[in-house]
Structure formats: C-alpha cells, structure tokens
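Quick notes on the structure that follows.
The values are calculated or read from the model by the stated rules, or taken from the named source; none is laboratory data. Keep in mind the model is a prediction, meaning the values are calculated, not measured. Every residue, glycine among them, receives a Cβ derived from its backbone with ideal geometry; neighbour counts consider all protein chains shown. SASA here: full protein model, heavy atoms, side chains in, ligands and nucleic acids out. Shrake-Rupley method; radii C 1.70, N 1.55, O 1.52, S 1.80 Å.
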Amino acid sequence: MTKRIGCGLAGLVLGLAGTISIVSDASADCLRRIYNRSTYTLVARQDGGPPATLLPGQSLPVRLSRPGQIAVSAYCGLPDAGGSPVAQASFDYEAVLDRCFVRFGSDEFFATQLGRGFFGTQETAPFTVNNPKQGDIVLGPSALPACPVPGAVLSRHG
C-alpha cells in the first residue's frame, strides 16, 4: 500500500467517524414552557408523570425529547380542595430532530404548507399552543367564567 492510498483511507475513515458522531448528536431535546397567565390554578402533567401546579403568573419549563403528551387542567383555587376543573385539555407534542411543537388540527387541505390547525379545525381555547415559541402552552387571560368566591357576602350596611 502506498502512502497516498493509506492517507486516502485514513481520511475516509475519519470522515465517516465524524459523520456518525454528528448524526448521533441530532437528538430532539427542546426546552419549552407552560405559562399560566390567568387567575386560575393550572395543573400540568407530562407523559403521565407527576402533576405540577402553577399559580397565577407562574411558568414551568418542560423538556420535550420525544413524542409525547401534556395534559393541562385549570381550577378555581387549589385542586386538592376537591373541585372539578373549569377547563382541561390534552395535547400531543412532537420532538423530532430540531423541531418541537404541539400537534393540533388535522391533515387536511394544505396541512404540509400551512401547518396543522391553520383553518381552525380543532379549537384549543382557552389554551394557546405553539406561542410564543413552538411547543409552548399558555393559559392566558380568557373568557372562562369567573371563579365563585365562597362565603362572600356583600353588605352596604356596614
């Protein structure tokens, strides 16, 4: 074997090793957030794991590293009090290579060009998905009914 062929083979082996290491580093690992911009208590659960409680004005970072599901519920007060949720939804998410997003809508007309849910075939209200970043979920100021205040009695007579 000549020096030129040996150098060529070494270069080929190093090139393949570099390509393999680059491909193996291509993981879908995105850090996204769930925001509670409402007056409700928000409970979020990722892939059936333990629930996380977000009080009004709080947010929670979530790591999306494979396809999965996030379930969210909005409560008046603390959920441990035994009340039922005012609103609840479950969203599937995708985490493929460098893209992490919440899937919603259907594969209808121009879905690949415009994105799923472009025509509003699936309503996500009162939650907003994929905003401000792809993969984020927000419970924002919305038209949900106001929570009743237990034991509140208003009197004008002092």
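Details
- Looking across the range 87-97, the residues that are open to solvent by less than 50 Å² (accessible area, probe 1.4 Å) and under 16 Å from Leu144 (Cα atoms) come down to Ala87, Ala89.
Yes/no per residue for (1) closer than 22 Å to Phe101 by Cβ; (2) of a type in the set (Lys, Arg); (3) in a loop (DSSP other than H, G, I, E, B):
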residue: Ile34; (1), (2), (3): yes, no, no
residue: Ser38; (1), (2), (3): no, no, yes
residue: Ala44; (1), (2), (3): yes, no, no
residue: Pro50; (1), (2), (3): no, no, yes
residue: Pro56; (1), (2), (3): no, no, yes
residue: Leu60; (1), (2), (3): yes, no, no
residue: Arg63; (1), (2), (3): yes, yes, no
residue: Gln69; (1), (2), (3): yes, no, no
residue: Ser73; (1), (2), (3): yes, no, no
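- Within the range 88-104, the residues that satisfy the criterion of being modelled with pLDDT under 90 and farther than 14 Å from Val62 by Cα are Val96, Leu97, Asp98, Arg99, Arg103, Phe104.
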